[in-house]
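Right, one structure below, let's go through it.
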Amino acid sequence: MKIVFASPAPPDGGALVVGALEGRKLTPSAKALDKMLKGGLTRAVKASRFKGKKDESLTLLAPSGVKADRVFLVGLGKAADLDALRLQNIGGRIYAALGAKGHSTVSVAVDAIDKCKLKPSEMAAEMALGARLRSYRFDKYRTKEGRDKKPTLKTLRLRCQGAGRARAAYAVAAKVADGVFLTRDLVSEPANVIYPESLAAEARKLTRLGVKVEVLGVREMKRLGMGALLGVAQGSAREPRLVVMRWNGGKRAKGKKPIAFVGKGVTFDTGGISIKPSGGMEDMKWDMGGAGVVIGLMKALAGRKARVDAVGVVGLVENMPSATAQRPGDIVTTMSGQTIEVINTDAEGRLVLADALWYCKERFDPKIMIDLATLTGAIIISLGNEMAGLFSNDDRLCKRLSAAGAAVHERLWRLPMGEEFDKQIRSEAADMKNVGNRGGGSITAAQLLQRFVGKTPWAHLDIAGVTWSKADKPTVPKGGTAFGVRLLDRLVADYYEGK
Ligand code: BES
Ligand code: MN
Ligand code: ZN
């Protein structure tokens, strides 16, 4: 779908979208259209239950008097509530309603609205972003899907005052959307296509955007002593990889520390010898979601040329049971020198991250370090599928992350950490074990990670509940969500750029 911005103009074919505020208050464009229709829009509103609320809409097909195959009146809700997120949602809903209705062009008339803090050009850019995010589709393997089921929308045109400004604002947002789409692609791909080596190859493609990409293989990781990551990988026929991505968009003042993102990239998690039940195991193709977010984020930052020095590190492994797999009771030595008793081979993400975090900290000494991981089923019990778990050793970083999350509707909820929880992973045989007791499973997982970050201001996002969605949301179609890309891009933009 192409997104274009243009000046206000009369209807010229395709589908036409106009708005109404709560209380059936037509916007200026809607009123003008109503006139052309000789009051047809007002009559339709009166004949229906349409009130202009935010989830409502009304359709007129092929009305006479205007050049439009369809008029779509979209509810805008209350003017005072029309913020960026609301407008993105409206854009997403417009796409959902009209993307596959047979029209190749949809034109949206965007008006200035009293009490709305955004200018029409800003409103148009937000709506465009929402529509773009909603238009994502992973259909490359659906070879038999009928043409009548495929989207028809080729051009979304937003008409507003200041179209040039809207175009410029959207151009930046579109780069973030590109990162989101890459992440969604990566988590949607099955594990026979995306495995450590192929995922590393996908990351390597970011070189084209100016990202420096290094891929470490088994030999290098052995030399570094990454016994925990390698222990997880040893049961698989697929070799592990550790990928380091660097985007140097900052001023590069000497001695300035980068910010760092670390991702769990388990390209398939069978559980290993502590094997998972078969029901639903296919979901474990997206156990590389954290790595997918880090890769998509690096694409977004490079794409929009963010003025920041950012590092992305992803640990890529496949967790399989086999004759060479690690066993419950095995003790592995991490790169940090600390040893871990592997009580449960299904608690593998923390083993991968233990080495990835330590490596990142040692090599880059980052200003902040944020990891993302589909780490625990327990976080789904705590927070469901609406929020990700946030764990951290730094209050300021938490505040910033929470604010960024609220701004893009990728919300975080902080959970506690502490000595009492840390005790749970003490081991008789090694420095720690990889699981705690039954309760507080997400917290004990975070406690293990914390043992590998030193004094670095660090946050861990447990995204197990939000990486995949079973239902359509206004700007997130069901499937891979890429939760985290927009959040962290926003964090960078608001707190770490040009500073
Ligand atoms: N990848 C899983 C966590 C997960 C579960 C992600 C469901 C997405 C949906 C992780 O590796 C895992 O298996 N965790 C175990 C830990 C347990 C063995 C302590 C879990 O949550 O059951
Ligand atoms: Mn597991
Ligand atoms: Zn896992």
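Throughout, read-outs are computed from the coordinates displayed, never taken from laboratory work. These numbers were taken from a predicted model, which means no experiment stands behind them. Cβ placement follows ideal geometry from the backbone for every residue including glycine, while neighbour counts extend to all protein chains displayed.
So what is the relative contact order for segment 194-496, in percent, with contacts set as C-alpha pairs under 8 Å and at least six apart? Working shown, then result.
Working: 729 pairs, mean separation 63.8, N = 303.
Reported relative contact order: 21 percent.
Compactness ratio of segment 158-302: Cα Rg over 2.2 N^0.38 Å, N = residue count? Show your work: numbers first, answer last.
On the way: Rg = 18.3 Å, N = 145, 2.2 N^0.38 = 14.6 Å.
Compared with the compact-globule rule of thumb, segment 158-302 sits at 1.26.
Counting alpha carbon pairs within less than 8 Å and at least 6 residues apart, what relative contact order, in whole percent, applies to segment 2-174?
Values: 347 pairs, mean separation 52.7, N = 173.
Worked out over segment 2-174, it gives 30 percent.
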If the only charges are +1 at each Lys and Arg Cβ and -1 at each Asp and Glu Cβ, what is the size of the charge dipole of segment 61-116 around the Cα centre, to the nearest 20 debye? 160 debye
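Counting pairs of Cα atoms in segment 2-174, how many percent are more than 22 Å apart? Provide the component values of the computation, followed by the final result.
Working: 5977 of 14878 pairs.
Within segment 2-174, distances greater than 22 Å cover 40 percent of Cα pairs.
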Grab the Cα-Cα distance for D55 and W413, subtract it from 0.36 nm times how many residues apart they are, and report the gain in nm with one decimal. 126.2 nm
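Please give the charge dipole size of segment 1-127, origin at the Cα centre, charges +1 on K and R Cβ atoms and -1 on D and E Cβ atoms. Round to the nearest 20 debye. Could the numbers behind the result be given before it?
Details: 21 positive and 12 negative charges, 90 e Å.
With only Lys, Arg, Asp and Glu charged at Cβ, the dipole is about 440 debye.
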Which percent, nearest 5, of DSSP beta bridges in the chain are antiparallel? 40 percent
Which of the listed residues, A84, T59, A32, is farthest toward the dipole's positive end in segment 23-158, when Lys, Arg count +1 and Asp, Glu count -1 at the beta-carbon? T59
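Run through the DSSP bridge list for segment 387-499 and note the antiparallel percent, rounded to the nearest 5.
Numbers: 7 of 10 bridges.
Counting only bridges with both partners in segment 387-499, antiparallel ones make up about 70 percent.
Would you mind telling me the antiparallel percentage of the DSSP bridges in segment 2-174, rounded to 5?
Antiparallel bridges: around 25 percent, rounded to the nearest 5.
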GluC sites (Glu not before Pro) restricted to DSSP loop in segment 363-449 with at most 11 other C-beta within 10 Å: E386, E428
Points 7 angstrom from Cα along the Cβ direction at M281 and E497: gap in nanometres? 4.4 nm
Express the relative contact order of segment 253-349 as a whole percentage, based on alpha carbon pairs under 8 Å and six or more residues apart in sequence. 39 percent
Could you compute the FRET efficiency for N385 and K46, with r as their C-beta to C-beta distance and R0 at 45 Å, rounded to 0.05? 0.70
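Considering all alpha-carbon pairs of the chain, what whole percent are spaced by more than 36 angstrom? Walk me through the numbers before you get to the answer.
On the way: 43618 of 124251 pairs.
That fraction is 35 percent.
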Between segment 219-276 and segment 20-35, how many Å separate their Cα centres? 54 Å
Given charges at Cβ of Lys, Arg, Asp, Glu: segment 277-367 dipole, positive-most of V294, M284, N344: V294
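Loop only per DSSP, at most 15 neighbouring Cβ atoms within 10 Å: give me the trypsin sites (Lys or Arg not before Pro) in segment 274-332, ordered by residue number.
Numbers: sites: K285, K299, R304, K305, R307; in loops: R304, K305, R307.
Counting only loop positions with at most 15 other Cβ atoms within 10 Å, the trypsin sites (Lys or Arg not before Pro) in segment 274-332 are K305, R307.
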Where Cα atoms sit under 30 Å apart: lysine pairs in segment 382-499 separated by 8 or more or lying on different chains: 11
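Between K473 and S64, what length in nm is gained on full extension when 0.36 nm per residue of separation is reduced by their alpha carbon distance?
Working: separation 409, 0.36 × 409 = 147.24 nm, distance 3.39 nm.
Difference between extended and current length: 143.8 nm.
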Modelling each spin label as a point 7 Å along the Cα-to-Cβ direction, I'd like the A79/R438 distance in nm, to one decimal. 5.8 nm
Subtract the Cα-Cα distance of R307 and K455 from 0.36 nm times their separation in residues, and report this length gain in nm to one decimal. 50.7 nm
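For A112 and A171, what does the FRET efficiency come to when R0 = 30 Å and r is the distance between their Cβ atoms, rounded to the nearest 0.05?
Details: r = 22 Å, r/R0 = 0.74.
After rounding to 0.05, the efficiency reads 0.85.
Which value, in debye to the nearest 20, gives the size of the charge dipole of the chain about its Cα centre, when Lys and Arg are +1 and Asp and Glu are -1 at the Cβ?
Using Cβ point charges on Lys, Arg, Asp and Glu, the chain gives about 2500 debye.
With r as the distance between the Cβ atoms of K25 and K423 and R0 = 51 Å, compute the FRET efficiency 1/(1 + (r/R0)^6) and round to 0.05. Please report the intermediate quantities before stating the final value.
Values: r = 60 Å, r/R0 = 1.18.
Rounded to the nearest 0.05, the efficiency is 0.25.
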Counting only residues 5 or more apart in sequence or on a different chain, those whose built amide H sits under 5 Å from that of S469 are G479, G480, T481
Can you find, among A482, V71, A430, the residue sitting farthest towards the positive end of the charge dipole of the chain, where Lys and Arg contribute +1 and Asp and Glu -1 at Cβ? V71
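Arrange the peptides 454-462, 431-439 so that the one whose residues have, on average, the most other Cβ atoms within 10 Å appears first.
On the way: 454-462: 21.9, 431-439: 17.6.
Highest mean packing first, the order is 454-462, 431-439.
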